[in-house]
Structures are given as structure tokens and as C-alpha cells.
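Everything on this sheet refers to the single structure shown next.
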Amino acid sequence: MLIKRPSDIRTSEITPESVYRSRRRFMRESLTVAAGAGTAGLVSAPAVALPAEWLTAREVKPGVPIGEEMTSERDATSYNNFYEFGTDKADPAEYAHEMTVDPWTVKVSGQVEKPGKIGLEDMLAGIDLEERIYRLRCVEAWSMVIPWIGFPVKKVLDKFQPTSDAKYVEFRTLHRPSEMRGQRSFFSNIDWPYVEGLRMDEANHPLAIFAVGMYGKLLPNQNGAPIRLVVPWKYGFKSIKSIVEIRLTKLQPKNTWNVLQPTEYGFYANVNPNVDHPRWSQASERRFPTTLFRPNRIPTRMFNGYDEVASLYKGLDLSRHY
Amino acid sequence: MPRQFVFPVVRVGKPLAFCVLALPLALLGIDVWREFQLPGSGLGPDPGEDVVHHLGTWGLRTLLLTLAVSPASRLFKRPQLVRYRRMVGLWAFTYLVLHFLSYFWLLGGYAAGVAIDGRRLGFAEALVMDIYKRPYITAGFLALVLLIPLAITSTRGWQRRLRRRWKTLHRLVYPAAIAAWTHLLWLSKGSFMDPFVYGLVLVVLFGERIVFRIRKQRRARAASAV
């Protein structure tokens, strides 16, 4: 017989579904995230992610503008790499609505004192949301400036109390072929689910965040709802989307692209204009917004301009550990 | 006796084929024009990539169509189809040249100066390094180079001048098609649907030629045995 202690019952499990849904509709129309940098428009997002009143009703500390033109919300939500929904940049925006992101639980395991499965609401309890305006540099030599809403990764990890053996963090994306057509594709050579990882000190760096929103709204599905990683000094493929599993490990995780093509994608994947990808020069990037008549090609900066992370890689040969 | 109807290839067929083959370029032209009027209205968030991809796709498609002309004329017993082959081939060449130029200008990033191994290169040098360093560019460029002599010698004058060697020379279209397909294969990541589909078409077009050749040899042997 299962004895359910009060602490086992999560608030998200108590709310009846009908209430949930009507609330979601209400929130879609009256989302009030106090985001900065003039992004506080209350237009409904392209694909609604969370039903979460508990989330959308929260205060968000406005972000600090970085003095670079912001990528339009339209570009950032219609030009995506999310191979779970197809390999075309327009596929995620078209098909990601098929993914159910409510309810959402995350499994935490490995080298932690308190492993377990936890609902998103409980995972975020007591964590303040803040806006972070970050550059996002894709390994394919394009880049964006996006106002994320999230919180440091460290705040979540600390809740589960990593042991001294925890040297790396491994993240996994949802694996649900019934809702993710890319995972059903016969021609895909990716071994689902998508896996990414960070070294513990990278994950604990204040710049590394989990995002639950962008442009003052909840994260659209195509951008990795309901929770994704954002590591701005690394190529975009490190910033894994729609996370359902976090494992703390002794050994370096085997991240998906590295397994698929080790000569092209490493574990570290730090933005580095001096180390070329075999298919693209990494010396410069196309910064969105870009038009045919104004390509907006700019030089790429070491660590994507986040020099404060350089100390993490002292003594590491970055041309070998690309 | 009523006169047999002969389809007017020169007066109707060719202008019609020309228009159909020009359609993808015309549609792209409209998109580019709209983009010029209002950025974001004609093409997607990454318009350069859209243009390059569109031209490359149609370059490969028309190249395969060129290779399909002879098998189709044999299959449907319509030898006059071969009269369209030069036009299809020249359109393939046109699309591939535009594909190359658009890559060079819109995606290559030479305008910003490309640094390879930490050293900034000049315009021409950057192009050479790109072709040398990136296998998929090497393959694509090889396909284009192989097609250049074919485009030049596509005229009737050259056909006469080269006589039997013309046919031998124009077999270069086979390695060119393989190189173009390899270019597609090597630039694909995550999904291999496109290389699979185009590869299948290529296998069918090559297969028909092999079967045709074997049959022809058998017939010749049978004829000489009589």
C-alpha cells in the first residue's frame, strides 16, 4: 500500500485540469511579466507553453541592455534549430505546438544527496526570475540577441545538493516521438533523446541560466518550453531545450552532436573565432536582423564576448578541446 | 490522306520549356523584389541562406532533369525529346553558377574578411582556402568546374568541330552529377532524406543507362552472329 505523505502531493497535481485550462487561456491574454528593455508588450506568444499562473504572475527583474540591437521576436521564434521537430529552420515553429508541456516534471539523479522527480512549479519554488539579455551564437555562423527570462542553473542544482563526486551535469530533452515528428523520422541519424552536458564549474557560473521565458512572455514551444538551458559563451547547440532530466555525473557526458560527428562538434563548444568548424569559418557571423541588402555580418568574439568565463579554461588547449 | 500532326518543337515546345525552367528563378526574383521593398516580406529571417538554398536545390533538380532526358526519350519512344536537352542543361548550369555566386556573396562572409587559422585572408585567397578546406565546398565547386566546358561546347558549332569527341567530353556530366550529390550529402546533418531521395533518382538514371548499354551490346552481338 502506498502511503502518500502530504509532502508528496504537489500543488500542480491538485489543480483540476479544467481549471488549469481556463487559467491558461486567461494567462495568455493577461500575461504580466514586468520585463525590461521595452519588451513588456502583452501580445500573445506564438505557441503558449505553460499554464502556469504561478510563473507568469511573478515579478521579473528587468535585464540590463547590452548596447546591441535586439533580434526581433519574430525572427527568434520562427528561425529555430530544434531537430526533434524537423531539420528545417521553420519546422519547429510549425510543429512544436504538438508537444505537451503541461504538466512537466524533471528527473534529477546521479551524484546528488536528494535525487527525485519534481514538478516544474516545485523546482522553481523560491527562485527569483530575472531577465538576461544575451547574445546567442549558433555553430552555423548566425547569431541573435535575445531577452531571456530565467535564473542561474546553480540555484536549481543546489536544491538537490550535489555530492563531491559531481563533476559534470548531463541534461536530456524530452523523448516523445508521438509528439515530436523529428524523432519519428526514418531519415534522422540522431540517437534520441538529445543529450548535452556541462562541467560542474561551467554550470555553476552565474552566466549559465535556465530560461522559462523570452521577450517578456513564456517560452514558446519552438524555443524549448517549458525550460531550457542558455549558456551564452557556447555555441547554441549546448543550450539544450525542453529539459526532462538532469544527471550529475563523475564522467564527462556524451553530448549528442559530439557522438554524431566528433570532428565537427566537441564537448566544450566554446565560441571561438580562431577554431574553424570544418564546414564554416567561425571568424564572423550573420547577426539577426539581417536582410539581403544589409547582411549585418560582424566579427565573432572569443567566448561570444563573455570574457569573464576565460578563467574557467586556464591551461586548456581550446584548439584541441573545441 | 490527312497530314500527321507534328508537334512544333521550335515554335511552341522550346519557348514553353524555357518558361517552365525559368519559373524557379522568376519566383525567386519576386521574393527578392519584395524583400527589397520591405525587408522580411519576401524571404525568411535568413534571406541569404534562402537564396543560396533555393538556387542550389533547383540547380541539382535541373541537372538531374538533364540526365533524365535521354532515358525518357527511350522509355516513351520520343526521340524528339533530346532536342530539349541542351536547354535543360544550360538552365542547370545557370542555376549552379548563380548558386555559387550567391554563396560567395551572401554566405561566404568574404566581405567581412575571413580569418583562417587566425590570419585574415584576401578575397581570392579566402575563396581558394574555402574550397580547399571544406570538403562539401570542394565537391560542389568540382561539379561546377566540370560543367563549364560542357556549357561552352554546347553550341552546334562546337558539336560539329569536336565530332565524336563531343560525346566523350559530355560524359563529364556524370561525374559532375555525382559531385553535386556528394556536395548535398556532405552538407546534410541530422537528416538524410534529401540525399536519399536525390540519390535514388541518380541511381535510377544511371541504372537505365547501364541496362540500355548491356542490351545494345547483346543486340549487336546477336546481329553479328547471324
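Taken together, the residues in the range B:129-143 that are among the basic types (Lys, Arg) and open to solvent by less than 50 Å² (accessible area, probe 1.4 Å) amount to 1.
Scanning the range B:175-226 for residues that are touching a Pro at 6+ places or on another chain (Cβ under 8 Å) and either within 14 Å of chain A (Cβ to nearest Cβ) or buried (at least 17 other Cβ atoms within 10 Å of the Cβ) (or both) yields B:Trp181, B:Leu184, B:Leu185, B:Trp186, B:Ser188, B:Leu205, B:Glu208. Of the residues in the range A:157-192, how many are buried (at least 19 other Cβ atoms within 10 Å of the Cβ), within 14 Å of chain B (Cβ to nearest Cβ) and part of a loop (DSSP other than H, G, I, E, B)? Final tally of qualifying residues: 4. The strands (runs of 3 or more DSSP E) falling completely within the range A:212-322 that include 3 or more residues that are within 13 Å of chain B (Cβ to nearest Cβ) and modelled with pLDDT under 95 map to A:284-287, A:297-299.
Residues are listed down the side, and each one gets a yes or a no for (1) within 14 Å of chain B (Cβ to nearest Cβ); (2) open to solvent by 40 Å² or more (accessible area, probe 1.4 Å); (3) of a type in the set (Lys, Arg):
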| site | (1), (2), (3) |
| --- | --- |
| A:Ile66 | no, yes, no |
| A:Tyr79 | yes, no, no |
| A:Glu84 | yes, no, no |
| A:Ala93 | yes, yes, no |
| A:Asp102 | no, no, no |
| A:Thr105 | no, yes, no |
| A:Glu113 | no, yes, no |
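Among the residues making up the range B:61-89, those that are part of a helix (DSSP H, G or I) and open to solvent by 60 Å² or more (accessible area, probe 1.4 Å) are B:Arg61, B:Leu65, B:Arg74, B:Leu75, B:Pro79, B:Gln80, B:Arg83, B:Arg85, B:Arg86. Scanning the range B:134-145 for residues that are farther than 14 Å from B:Leu60 by Cα and in a helix (DSSP H, G or I), which turns out farthest from the other protein chains (Cβ to nearest Cβ)? Checking each candidate, the answer is B:Val145. Taken over the range B:201-226, the residue count meeting the criterion of being over 13 Å from B:Ala68 (Cα atoms) and in a helix (DSSP H, G or I) is 16. Looking across the range A:194-211, just one residue is outside any strand (DSSP E or B) and either within 14 Å of chain B (Cβ to nearest Cβ) or β-branched (Val, Ile, Thr) (or both), and that is A:Tyr194. Limited to the range B:154-170, what total is found for residues that are assigned to a helix (DSSP H, G or I), out of contact with any helix residue (DSSP H, G or I) (no Cβ under 7 Å at 6 or more places or on another chain) and open to solvent by less than 70 Å² (accessible area, probe 1.4 Å)? Qualifying residue count for the region: 1.
Does B:Arg61 qualify as being modelled with pLDDT under 95 and not aliphatic (A, V, I, L, M)? Here the answer is no, as B:Arg61 does not meet what is asked. Would you check if there is a residue in the range A:127-139 being assigned to a loop (DSSP other than H, G, I, E, B) and more than 14 Å from every other protein chain (Cβ to nearest Cβ)? The answer is yes; a qualifying residue exists. Candidates are the residues of the range B:11-60 that are assigned to a loop (DSSP other than H, G, I, E, B) and of a type outside the set (A, V, I, L, M, F, W, C); the one that is surrounded by the most Cβ atoms within 10 Å (Cβ to Cβ) is B:Pro45. Determine whether B:Val173 is of a type in the set (A, V, I, L, M, F, W, C), under 26 Å from A:Phe187 (Cβ atoms) and part of a helix (DSSP H, G or I). No: the conditions fail for B:Val173.
The values are calculated or read from the model by the stated rules, or taken from the named source; none is laboratory data. Quick caveat: nothing in here was measured; it's all calculated off a predicted structure. Cβ: placed from backbone, ideal geometry, glycine included. Neighbour counts: every protein chain shown. Keep in mind that these areas ignore ligands, DNA and RNA; they rest on the heavy atoms of the full protein, side chains included. Shrake-Rupley method; radii C 1.70, N 1.55, O 1.52, S 1.80 Å.
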